[in-house]
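For reference, the structure discussed in these notes is given below.
The values are calculated or read from the model by the stated rules, or taken from the named source; none is laboratory data. From a predicted model like this one, the values you see are computed outputs, not experimental measurements. Neighbour counts run over all protein chains shown; Cβ positions are idealised from the backbone, glycine included. Ligands, DNA and RNA are excluded from the accessible area calculation, which covers all protein heavy atoms including side chains. Shrake-Rupley method; radii C 1.70, N 1.55, O 1.52, S 1.80 Å.
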Amino acid sequence: MLLKFIKKNPVLFAILLVTFIVYLSTLNNAILKNWDDFKQILDNDSVKNLSFKNIKVYFSSYVLQSYQPLASFSFAIEYFFFKKTAAPYHFTNVAIHLFNIFLVFRILTQLFKENKYLILFTTAIFALHPLQVETVAWLSSRSTLLCSLFMLLSIHHYLKYLEIDRNKYFAYSIIFFVAGLFSKSTGIIIPGLLILLDIFLLRKFSKKLILEKIPFFAFAIIFGVISLKSREVESGLVSTVIQQLGYNNFIDRVMVSCYSYLFYFGKFIAPFDLYHLYGYPLRITVESLPLIYRISPFLVIIILAGMSWMLFKLKKNRIRNLFFGLAFYSINIFLVLNIVAVLAYITAERYMYLAIIGLAICLWTIIELVIERKASWKSAIYGVVFLFLGFQIIKTHRQIGIWKDSKTLFLHITNYYKANNFSNNSAYRAWQTLATMYNEEQNIPKVIECYKWAVKFKPDEPVLHIYKGYALSNLRRYREAIKDFSFVIENKIVRREEEALKLAYTNRAHCKNYLFDQVKNVRLLKSALIDIDSALVIDANQPKLIDTKREIINKIEELNK
């Protein structure tokens with residue numbers, strides 16, 4: 001059977017084989033700490049205890065503010081057999097990706113039939129583009145992989161239904177669609193994709209065409225509501241962050257959304273500087289957005305106008321292909337454009353997992369148009385295409401290494417930020433996470449270094465100064481620690497949160513107390529008492545702090561004697 005498949009589809013087999021070899025190195029990767037994997041798997045009691053009772057939990061609860069019961073169920077099965085061994089989890093991700101590649105090939109064959117070069121080019125891009133690494137190499141993206149698997153199966157059976165007109169294929173399409181929704185809520189875009197398929201296949205508008213979509217829209221609405229419920233808490237937190245950054249203006253959010261839409265075009269052609277935290281630009285309350293953000297809406301309008309024009313020219317194959325590619329990309333990316341500001345990051349590579357199919361179709365269609373007009377360039381263009389694909393393979397292999405473990409991942413992003421002096425609202429989080437890892441290793445000097453960089457990128461974040469002060473006091477560098485706690489207290493922090501102030505007063509008092517033991521200056525003790533009283537005004541229920549106050553009072557009394 002395998003030999004028959006290889007003889008019939010040698011290039012597809014080669015793509016699958018190369019993909020498997022390239023992604024084989026993920027089996028050496030760890031389960032990431034400090035980046036969702038632990039919360040999804042190793043710190044998830046329902047996952048660690050596979051039972052009928054917990055299967056019910058998967059389908060009746062959220063994980064990381066997301067409804068993804070089938071992903072949790074798959075992790076539970078793996079944990080039952082393999083516990084904390086990371087390789088089997090990664091192997092499952094790679095296996096799903098390989099099956100998705102096969103499905104993409106089948107769907108493209110159903111749609112484009114004799115255009116084998118478009119089919120193979122698009123399949124190769126989907127399989128091996130560096131933007132796919134985050135989805136495959138990051139275990140927490142299992143939900144995206146599973147959802148994509150069922151979405152592709154749903155589309156495949158819908159196309160079979162259109163081809164053969166047998167209701168069982170229509171039923172299969174609905175079943176796989178629902179399975180996708182149980183994997184991740186982004187599957188709700190399927191009705192839009194099915195309408196796009198109708199347009200691409202030039203189906204005539206009819207009552208039947210409308211009735212076909214009703215069950216899909218019904219399930220999409222139900223799971224859309226479930227998704228909104230799961231995001232309620234996170235959306236509140238994210239909205240607070242976005243308001244603090246100055247994104248209260250709807251026009252600003254539109255500009256950011258348009259930038260996000262265009263961002264992936266650039267990363268698709270030139271996948272450099274890939275990292276997992278693409279935050280909102282800082283300082284918008286003081287400065288206007290950079291030029292690229294301000295011109296983005298006009299560029300998006302031009303693209304949308306072009307797509308509208310293409311709708312009237314759909315009988316021409318290449319125009320229809322170009323329209324399909326752009327529309328397929330747009331529908332897949334629409335939910336993550338942050339128009340309503342429900343996501344903490346403006347872009348993420350995993351959002352491109354299926355959307356990249358649309359851009360690959362567009363690129364190959366443009367290549368065909370160029371070859372048609374400049375036939376003498378054909379050999380050179382094909383040479384460039386092979387070099388482009390070769391570059392993707394090399395870049396993907398290197399990108400997989402970045403996801404080896406949490407420390408490697410966060411060192412990669414922090415080194416990039418340092419080298420480029422690049423700042424966004426997420427930059428400091430990378431340093432903060434890396435500091436947590438060094439703290440677990442008891443490498444306090446590295447912890448301090450991380451917080452120094454974090455403060456550089458986000459000077460008005462009180463938590464950073466407090467944790468930096470903690471680390472300095474652990475090395476008995478009390479004078480420096482006092483400066484950080486004072487920075488939070490003395491009106492130098494915009495966000496004067498009570499909890500932060502309490503911690504700052506409390507820890508500054510401790511540092512002054514410890515510093516007194518070194519320099520024997522009674523003024524430090526008296527100043528420490530003032531800080532303690534300020535902390536107790538904020539929260540009087542602090543028994544240990546009250547004990548410290550008595551200790552300091554006793555010291556002062558002894559000195560007075």
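Data overview
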{"quantity": "Unique match (being surrounded by 24 or more Cβ atoms within 10 Å (Cβ to Cβ) and charged (D, E, K, R)) among 166, 142", "calculated": "142"}
{"quantity": "Which numbered condition residue 411 misses (of (1) crowded, with 19+ Cβ neighbours inside 10 Å; (2) modelled with pLDDT of 90 or more)", "calculated": "(1)"}
{"quantity": "Test for residue 401: is it on the phi < 0 side of the Ramachandran plot, surrounded by 14 or more Cβ atoms within 10 Å (Cβ to Cβ) and either assigned to a helix (DSSP H, G or I) or not charged (D, E, K, R) (or both)", "calculated": "yes"}
{"quantity": "Search result, residues across segment 454-494 that are modelled with pLDDT under 85 and either over 27 Å from the mean Cα position of the chain (by Cα) or closer than 28 Å to residue 519 by Cβ (or both)", "calculated": "490, 491, 492, 493, 494"}
{"quantity": "Residue check, residue 228 modelled with pLDDT of 85 or more and either out of contact with any Asp or Glu (no Cβ under 6 Å at 6 or more places or on another chain) or not basic (Lys, Arg) (or both)", "calculated": "no"}
{"quantity": "Scan of segment 301-360 for residues that are of a type in the set (Ser, Thr, Tyr) and in contact with a strand residue (DSSP E or B) (Cβ under 8 Å, 6 or more places away or on another chain), ordered by number", "calculated": "345, 347"}
{"quantity": "Residue tally, condition more than 15 Å from residue 186 (Cβ to Cβ), assigned to a helix (DSSP H, G or I), open to solvent by less than 20 Å² (accessible area, probe 1.4 Å) and among the aliphatic types (A, V, I, L, M), over segment 327-371", "calculated": "4"}
{"quantity": "Residues of segment 145-160 classified as open to solvent by 10 Å² or more (accessible area, probe 1.4 Å) and not hydrophobic (A, V, I, L, M, F, W, C), total", "calculated": "3"}
{"quantity": "Sole exception among (1) within 27 Å of the chain's Cα centre (by Cα); (2) farther than 17 Å from residue 96 by Cα; (3) modelled with pLDDT of 95 or more; (4) buried (at least 20 other Cβ atoms within 10 Å of the Cβ) for residue 196, by number", "calculated": "(4)"}
{"quantity": "Where a residue in segment 210-223 is touching a residue at least 12 places away in the same chain (Cβ under 8 Å) and closer than 16 Å to residue 180 by Cβ and its partner, wherever it lies, is among the polar types (S, T, N, Q) and part of a helix (DSSP H, G or I), with Cβ under 9 Å and at least six apart", "calculated": "216/154; 216/173; 223/185"}
{"quantity": "Some residue of segment 245-267 being surrounded by fewer than 17 Cβ atoms within 10 Å (Cβ to Cβ), among the acidic types (Asp, Glu) and either on the phi > 0 side of the Ramachandran plot or at pLDDT below 90 (or both)", "calculated": "no"}
{"quantity": "Residue check for residue 381: over 30 Å from residue 194 (Cα atoms) and touching a His at 6+ places or on another chain (Cβ under 6 Å)", "calculated": "no"}
{"quantity": "Whichever residue in segment 79-95 is touching a residue at least 24 places away in the same chain (Cβ under 8 Å), in a helix (DSSP H, G or I) and farther than 17 Å from residue 21 by Cβ and, among such residues, is most open to solvent (accessible area, probe 1.4 Å)", "calculated": "80"}
{"quantity": "Residues being of a type in the set (A, V, I, L, M, F, W, C), touching a helix residue (DSSP H, G or I) at 6+ places or on another chain (Cβ under 8 Å) and within 14 Å of residue 142 (Cβ to Cβ) - total across segment 71-85", "calculated": "4"}
{"quantity": "Residue within segment 30-42 that is open to solvent by 10 Å² or more (accessible area, probe 1.4 Å), closer than 19 Å to residue 397 by Cα and part of a loop (DSSP other than H, G, I, E, B) present", "calculated": "yes"}
{"quantity": "Residue within segment 56-68 that is free of Cβ contacts under 8 Å to residues at least 12 places away in the same chain, open to solvent by 40 Å² or more (accessible area, probe 1.4 Å), assigned to a helix (DSSP H, G or I) and farther than 24 Å from residue 149 by Cα present", "calculated": "no"}
{"quantity": "Residues within segment 176-193 that are buried (at least 24 other Cβ atoms within 10 Å of the Cβ) and without any contact (Cβ under 8 Å) to a residue 60 or more places away in the chain, tallied", "calculated": "5"}
{"quantity": "Hits in segment 274-321 (condition: more than 22 Å from residue 255 (Cα to Cα), part of a loop (DSSP other than H, G, I, E, B) and either at pLDDT 90 or above or open to solvent by 40 Å² or more (accessible area, probe 1.4 Å) (or both))", "calculated": "312, 313, 315, 316"}
